[in-house]
Amino acid sequence: MIEGLNQKFVNVTPPAAIKDNASFATTTVDTKGWGFVTFLISLGATDIALAALKLQESNDSGMSGAADVSGADYSVNSTLPTATDDNNLFAIHVDCRGRKRYLDLVFTAGDGAAGTFGSAVAILSRPKISPSSATDRGLTGELAV
């Protein structure tokens, strides 16, 4: 098996309209059957620091009772991306062992003149059972050369 094919991708925050002083829509990630996940956050043009960038976890797919994941909050464990972080990537890496099943990204633009373009993808890896198709990997299509 090619190691790069032992992954699943989740479009957590698809590219969309600019956000100003608002949260980006996110998709909850189900980690069942996966040992590790990386949230990759991509910023486009931004004129203000992010107001929040962190992960929360829950045993419920609707994220009821969600709690912050210790160590996965840029405002506490690093520095929130700033107005000068245009076109940069940020990551949150999570070992899923001992974690709750569902993870969700809290991704909030600050209050600027225009706002922030952003998107996010989760990359699940270390599967218990290897995915065998593009669909199993969360893809609509794929090419391998």
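Name the single residue, out of those in the stretch 6-23 being in contact with a strand residue (DSSP E or B) (Cβ under 6 Å, 6 or more places away or on another chain) and more than 22 Å from Thr140 (Cβ to Cβ), that is surrounded by the most Cβ atoms within 10 Å (Cβ to Cβ). Among them, the one singled out is Lys19.
Among the residues of the stretch 66-85 satisfying the criterion of being open to solvent by 60 Å² or more (accessible area, probe 1.4 Å) and touching a strand residue (DSSP E or B) at 6+ places or on another chain (Cβ under 6 Å), which is farthest from Thr28 (Cα to Cα)? So that I can check it myself, show each step before the final result.
Of all residues in the stretch 66-85, those open to solvent by 60 Å² or more (accessible area, probe 1.4 Å) come to 68, 70, 75-79, 84.
Among the residues that remain, those that are also touching a strand residue (DSSP E or B) at 6+ places or on another chain (Cβ under 6 Å) are: 68, 77.
On the way: Asp68: 14, Asn77: 22 Å.
Of everything passing the filter in the stretch 66-85, Asn77 is farthest from Thr28 (Cα to Cα).
Kindly evaluate Thr26 against the criterion of being in a loop (DSSP other than H, G, I, E, B) and either at pLDDT below 95 or more than 30 Å from Asp136 (Cβ to Cβ) (or both). So Thr26 does not fit the description; no. Among the residues of the stretch 120-135, those identified as in contact with a strand residue (DSSP E or B) (Cβ under 9 Å, 6 or more places away or on another chain), more than 14 Å from Gly4 (Cβ to Cβ) and open to solvent by 30 Å² or more (accessible area, probe 1.4 Å) are Val121, Lys128. Could you give me the residue pairs with C-beta distances under 6 Å whose first residue belongs to the stretch 120-145 and is among the charged types (D, E, K, R), whose second residue is open to solvent by 50 Å² or more (accessible area, probe 1.4 Å) wherever it lies, and which are 6+ apart or on separate chains? Taking only residues 6 or more apart or on different chains, the pairs are Arg137/Lys8. For Asp104, the conditions (1) acidic (Asp, Glu); (2) open to solvent by less than 60 Å² (accessible area, probe 1.4 Å); (3) free of Cβ contacts under 8 Å to residues at least 24 places away in the same chain; (4) within 28 Å of Ala134 (Cβ to Cβ) all hold with the exception of (3). Close contacts from the stretch 1-21, counting a first residue that is within 11 Å of Ala109 (Cβ to Cβ) and in contact (Cβ under 8 Å) with a residue 12 or more places away in the chain and a second that is open to solvent by 50 Å² or more (accessible area, probe 1.4 Å) and not hydrophobic (A, V, I, L, M, F, W, C), with Cβ to Cβ under 6 Å and a gap of 6+ residues or different chains, come to Asn21/Asp111.
Okay, residues lined up against (1) farther than 28 Å from Ser130 by Cβ; (2) part of a strand (DSSP E or B); (3) in contact (Cβ under 8 Å) with a residue 24 or more places away in the chain; (4) among the β-branched types (Val, Ile, Thr):
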position	(1), (2), (3), (4)
Leu43	yes, yes, yes, no
Ala49	yes, no, yes, no
Glu57	no, yes, yes, no
Asp60	no, no, yes, no
Gly65	yes, no, no, no
Ser70	yes, yes, no, no
Thr84	yes, no, no, yes
Phe90	yes, yes, yes, no
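The values are calculated or read from the model by the stated rules, or taken from the named source; none is laboratory data. This one's a predicted model, so the numbers in the text were calculated from it and none came from an experiment. Virtual Cβ from ideal backbone geometry, glycine too; neighbours counted across all protein chains shown. Remember, those area values only see protein heavy atoms, side chains included, never the ligands or the DNA or RNA. Shrake-Rupley method; radii C 1.70, N 1.55, O 1.52, S 1.80 Å.
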